[in-house]
1. Can you name every residue in the range 135-168 that is exposed (fewer than 15 other Cβ atoms within 10 Å of the Cβ) and not hydrophobic (A, V, I, L, M, F, W, C)?
2. Name the one entry in 61, 68 that is closer than 27 Å to residue 154 by Cβ, surrounded by 13 or more Cβ atoms within 10 Å (Cβ to Cβ) and at pLDDT below 85.
3. With 27, 54 as the choices, which residue is within 22 Å of residue 86 (Cβ to Cβ), modelled with pLDDT of 90 or more and of a type outside the set (Lys, Arg)?
4. Give all pairs with beta carbons closer than 7 Å in which a residue from the range 40-62 that is under 18 Å from residue 17 (Cβ atoms) meets a residue that is acidic (Asp, Glu) and modelled with pLDDT of 80 or more; count only pairs at least 6 apart in sequence or on separate chains.
5. List the strands (runs of 3 or more DSSP E) inside the range 113-168, counting only whole elements, that have at least 2 residues being of a type in the set (D, E, K, R).
6. Restricting the search to the range 116-168, which residues are closer than 25 Å to residue 17 by Cβ, among the polar types (S, T, N, Q) and at pLDDT below 90?
Amino acid sequence: MLPSQQPHPSPPNVVSVSNDGNILLSASPTPPTIYIQDRRWGGSVPVNFQPTDAETPVSCAAFSSLPAPTNNLHTTFILGFRDGKMAMYRLFLPAQQGQRKTSQLERMRTFDLQPVRVGAIKKLHKPSMGGVIAAEFLPGFTSRVISIGHDGRCRLVDFEGGGKVLRT
C-alpha cells in the first residue's frame, strides 16, 4: 500500500493512471485542480499542474498506452475540458538513481513533473453539450486520439504538428 496523496479541494471527478502504473493524474472541478504524482518515489508530493489551454475543469484524461521510445523517460497524456477543448502533453520523468537520499532531493524531483504541451484543439466538442466527455489514444499510435462529446459525436484527432481533426 502506498501513502495517500494530498487531498483535492473538492472530490476528484477524473483519475487516470499511466500504462506502467507509475504516474497518477487526478483532477477536481471546484476550484479546477490537477495533481500529477510520480508514484515511483512512494510518498512524493503531487505537483499542482495549471494548464493554460482551458478555463473550465478537466472532464477526462488518458495516458498513451505505448511505451516511450527513450527508455520510458517520458509519458504522454491528454486532457479533455468541459469547454470542448482537448490538449496533449508530454511529461518528462526524472531517471531513478538508487534509493532516495534526502527529502530535499525528493522535493526537487517533483518540480521535474511539469508537463510540456504538444498540441491543443479548441472547439472540438460544443461546450453547451458538456464538452469532451471521454478520450482515448488510438492503439498503435503515439499522437492519435479518439474523443467523444456528450452529443455522441466521435472525432479522430492527430496531435502531430500541433493538432487537427482527421475525421468526425
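1. 139, 140, 151, 152, 153, 160, 161, 162, 164, 167, 168, listed by residue number.
2. On the way: 61 fails: at pLDDT below 85.
Exactly one residue qualifies, and that residue is 68.
3. 27
4. If the second residue must be acidic (Asp, Glu) and modelled with pLDDT of 80 or more, the pairs left are 44/38; 62/136.
5. Where strands (runs of 3 or more DSSP E) fall fully within the range 113-168 and carry at least 2 residues being of a type in the set (D, E, K, R), they are 154-158, 164-167.
6. Listed by number, the list holds a single entry, 142.
The values are calculated or read from the model by the stated rules, or taken from the named source; none is laboratory data. Keep in mind that what you see is a predicted model, and the values were worked out from it rather than measured. Every residue, glycine among them, receives a Cβ derived from its backbone with ideal geometry; neighbour counts consider all protein chains shown.
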